[in-house]
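Everything below concerns the one structure shown next.
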Amino acid sequence: MDSHSPFVLSTHDLGRRPGSMRTVQKVIGAPEHLGTELVGIEAGSDLALDLRLESVMEGVLVSGTVRGIVVGECGRCLGPISQPLAAEVQELFVYPGHEAPEGEDELPKLHEDRLDLEPTLRDVIVTALPFQPVCRPDCPGLCPECGIPLAEVVGEHKHEVRDPRWAALEGLTGDLAAEDN
Ligand SMILES: [Zn+2]
Ligand SMILES: [Zn+2]
């Protein structure tokens, strides 16, 4: 475990005394690839941690919130998105030798008296990201005819609806006209 990583926290001062606790409030830089192709938190941008580390029998319970700014592209109008995200953290880091009860997921482990928050933060942030990101809940998207963002249109925006059969005929007369020349 890289003890210089900003995601690695020491639990040394909890001293394996169940009931002892401390809080962690700090801002760290987001790791790379935090999100999907459409939406995510930019590498290096601020992640604000507001956590509580609590010593329990099996290990150390970490709970609290992580906050950051989500950026991406609106799924309707393709405009840029930038919105705050707050995700809840709750993870038990167990002492080495503690086995998860059968049928339960393996819990992250404490290494000596340190724990690595990165996998946990990744999980909670990626889960909290909007599945279908939109710039605003009522984004009207793009005009299906001409592709302009409808949010930018002032007043009514309509295209003349033409019967495709007329369009085909017009194409035909155009061709004939071209032949005349
Ligand atoms: Zn939009
Ligand atoms: Zn249009």
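Quick notes
- Subtracting the Cα-Cα distance of Met1 and Gln90 from 0.36 nm times their residue separation leaves 30.0 nm of extension gain.
- Pairs of alpha carbons in the chain whose separation is greater than 26 Å (percent): 53 percent
- A Cβ-based charge dipole, computed about the Cα centre of the chain with Lys and Arg at +1 and Asp and Glu at -1, lands at about 820 debye.
- The GluC sites (Glu not before Pro) of region 73-111 meeting both criteria, a DSSP state outside H, G, I, E and B (loop) and at most 12 other C-beta atoms within 10 angstrom of the site's C-beta, are Glu99, Glu102, Glu104, Glu106.
- Placing unit charges on the Cβ atoms of the charged side chains and taking the dipole of the chain about its Cα centre, the candidate lying farthest along the positive direction among Ala128, Cys77, Leu9 is Leu9.
- Exposure proxy ranking, count of Cβ atoms within 10 Å, fewest first, for Thr127, Thr120: Thr127, Thr120
- Counted residue by residue at 0.36 nm each, then reduced by the alpha carbon distance between them, the extension gain from Ser82 to Thr36 reaches 15.1 nm.
- Using the Karplus relation 6.51 cos²θ - 1.76 cosθ + 1.60 with θ = phi - 60°, the per-residue 3J(HN,Hα) values for region 46-57 come to 5, 10, 9, 9, 9, 10, 10, 9, 10, 7, 10, 4 Hz, with x marking Gly and Pro.
Values quoted throughout were computed directly from the atomic coordinates according to the rules given, and no laboratory measurement underlies them. All values reported here derive from a predicted model rather than from experimental measurement. Positions of Cβ are backbone-derived with ideal geometry, glycine not excepted, and every protein chain shown enters the neighbour counts.
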